[in-house]
Amino acid sequence: MDKETTYKKIKTVLNTVVLIGIGIYLIFAFTNMNYDYTLNDQGVTISRGKGIDIAFTEIVDVQYFERLPALSNRVGESLGNRRNGTFTVAGIGRGKVYVTDITKPGIIIFTADTFYAITPPDSQNFFIQLEAIIK
């Protein structure tokens, strides 16, 4: 085999590996894109991957939004309307965002150190329940 044929075969194999990798990532991202947001005895739990617990005692404020303010990516992922990671939220600052759809109503939970933007399926009811607990 000459060098050109070997190069073409290596290039084809690498391109195939990259495309398969992208496909696996997209499948993983789309099948694991939903979060579970729950209120339990201790606080709020955001479940996906390792999960995040926010104790009621840590929450200093909570705000409801018919639509979350504009987000700019810092560290994380943006896939369609989904956002996951650390973002800057317009008019609020930099915090954690775990949102399945930025066009839906959402809640921002403030702690002394940061905030968490979430979009539970019934955001308004979730907000009412959470606000009643922390007040």
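The values are calculated or read from the model by the stated rules, or taken from the named source; none is laboratory data. Since this is a predicted model, take the numbers as computed values, not measurements. Ideal geometry is used to build each Cβ from the backbone, glycine not excepted, and the neighbour counts take in all protein chains shown.
Against the condition surrounded by 11 or more Cβ atoms within 10 Å (Cβ to Cβ), without any contact (Cβ under 8 Å) to a residue 40 or more places away in the chain and in the same structural domain as Ile109 (by TED's automatic domain parsing), how does Thr88 come out, does it pass? For Thr88, the condition - surrounded by 11 or more Cβ atoms within 10 Å (Cβ to Cβ), without any contact (Cβ under 8 Å) to a residue 40 or more places away in the chain and in the same structural domain as Ile109 (by TED's automatic domain parsing) - is met.
The number of residues in the stretch 40-61 that are polar (S, T, N, Q) and surrounded by 14 or more Cβ atoms within 10 Å (Cβ to Cβ) comes to 2. Residue count for the stretch 36-53, restricted to those that are more than 27 Å from Ala90 (Cβ to Cβ) and not in a strand (DSSP E or B): 5. Hey, could you check the stretch 98-118 for residues that are modelled with pLDDT under 95 and in contact with a Phe, Trp or Tyr (Cβ under 9 Å, 6 or more places away or on another chain) and say which is nearest to Asn34 (Cα to Cα)? So, considering only residues that are modelled with pLDDT under 95 and in contact with a Phe, Trp or Tyr (Cβ under 9 Å, 6 or more places away or on another chain), the one nearest to Asn34 (Cα to Cα) is Thr100. Taking the stretch 54-79 as the search range and keeping residues that are in a helix (DSSP H, G or I) and in contact with a strand residue (DSSP E or B) (Cβ under 6 Å, 6 or more places away or on another chain), which one is farthest from Asp41 (Cα to Cα)? Once the filter is applied, the top-ranked residue is Glu58.
Here the condition is being aromatic (Phe, Trp, Tyr) and either under 17 Å from Thr111 (Cβ atoms) or surrounded by 14 or more Cβ atoms within 10 Å (Cβ to Cβ) (or both); of Tyr64, Tyr7, it holds for Tyr64 alone. Look through the stretch 100-118, keep the residues that are farther than 18 Å from Asp53 by Cβ and in contact (Cβ under 8 Å) with a residue 40 or more places away in the chain, and return whichever of them is surrounded by the fewest Cβ atoms within 10 Å (Cβ to Cβ). If we take residues in the stretch 100-118 being farther than 18 Å from Asp53 by Cβ and in contact (Cβ under 8 Å) with a residue 40 or more places away in the chain, then Pro105 is surrounded by the fewest Cβ atoms within 10 Å (Cβ to Cβ). Does Gly76 qualify as being surrounded by 13 or more Cβ atoms within 10 Å (Cβ to Cβ), in the same structural domain as Lys50 (by TED's automatic domain parsing) and out of contact with any helix residue (DSSP H, G or I) (no Cβ under 6 Å at 6 or more places or on another chain)? The answer is yes for Gly76.
Return yes when Tyr37 is within 13 Å of the chain's Cα centre (by Cα), modelled with pLDDT of 90 or more and surrounded by 11 or more Cβ atoms within 10 Å (Cβ to Cβ) and no when it is not. The answer is yes for Tyr37. Do we find a residue being assigned to a strand (DSSP E or B), polar (S, T, N, Q) and not assigned by TED's automatic domain parsing to the domain that holds Leu26 anywhere in the stretch 117-134? No, because not a single residue in the stretch 117-134 is assigned to a strand (DSSP E or B), polar (S, T, N, Q) and not assigned by TED's automatic domain parsing to the domain that holds Leu26. Of the numbered criteria (1) surrounded by fewer than 10 Cβ atoms within 10 Å (Cβ to Cβ); (2) closer than 30 Å to Ala132 by Cα, the one Val97 fails is (1).
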